[in-house]
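The structure under discussion appears below in the form of structure tokens.
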2 protein chains.
Amino acid sequence: MTLGVVAKIKVKDGQQAAFEAVASKLAKAVQANEPGCLLYTLNKTDDPVTYVFMERYKDEDAVKAHRGSDHFRSLGKEMGAFMDGPPEILRLNELA
Amino acid sequence: MTLGVVAKIKVKDGQQAAFEAVASKLAKAVQANEPGCLLYTLNKTDDPVTYVFMERYKDEDAVKAHRGSDHFRSLGKEMGAFMDGPPEILRLNELA
């Protein structure tokens, strides 16, 4: 079953550019290194301090591979410095 | 610029099966008829009455084509009967 994730992230005001730089690096690393990841995009919203990662995985193993990857661990940590609290995560099971 | 939409929908409890039937029909109609739509999936969440459409469009014209399509208008209306209030829409601009 294809799995999805929507991760909504609040960024400290004034840290948007720094956050975007690291988050874009993460998106590119995922796109280049995770064959089980079908989609991984960084997105701006209508709110200047809110960003969304839109993610889609072939299966649970692909999600585990993502979470265990060096790039997610290191860049995820780096991103944390610019974030205003933990992300709001929606875990999705694709129906159609 | 690639645009994204995350539409979070609350369904009346007990109407999940009926909602899923119409919403799946809509997802399939979009996938079959909208070349500008890069992704359109119906997803379950961890909450039994909450569903999410994950959507991605080539550009603003593709979003307009979607909204103006017969399938979206007719099936969107049909879905409304099973929904518990309006959808919560996140409009996204893809950065990476």
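The values are calculated or read from the model by the stated rules, or taken from the named source; none is laboratory data. On a predicted model such as this, the values are computed, not experimentally measured, just so you know. FYI the Cβ positions are ideal-geometry reconstructions off the backbone, even for glycines, and counts take in every protein chain you see.
Brief remarks on what is shown
- Hey, A:Ala62 part of a helix (DSSP H, G or I), of a type in the set (A, V, I, L, M) and more than 10 Å from every other protein chain (Cβ to nearest Cβ) or not: yes
- Test: residue in region B:33-48 that is touching a residue at least 40 places away in the same chain (Cβ under 8 Å) and over 16 Å from A:Thr41 (Cβ atoms): no
- Filtered residues of region B:1-20 (kept if surrounded by 14 or more Cβ atoms within 10 Å (Cβ to Cβ) and assigned to a helix (DSSP H, G or I)): B:Gln16, B:Ala18, B:Phe19, B:Glu20
- For B:Leu75: the one exception among (1) under 24 Å from A:Lys44 (Cβ atoms); (2) at pLDDT 95 or above: (1)
- Test for B:Asp70: is it free of Cβ contacts under 8 Å to residues at least 12 places away in the same chain and under 18 Å from A:Ala96 (Cα atoms): no
- When region A:65-96 is filtered for residues that are farther than 17 Å from A:Leu38 by Cα, more than 10 Å from chain B (Cβ to nearest Cβ) and aliphatic (A, V, I, L, M), the ones remaining, listed by number, are A:Leu75, A:Met79, A:Ala81, A:Met83.
- Restricting B:Lys64, B:Lys8, B:Lys25 to residues that are over 12 Å from the mean Cα position of the chain (by Cα) and either within 29 Å of A:Lys28 (Cα to Cα) or at pLDDT 95 or above (or both) narrows the list to B:Lys64.
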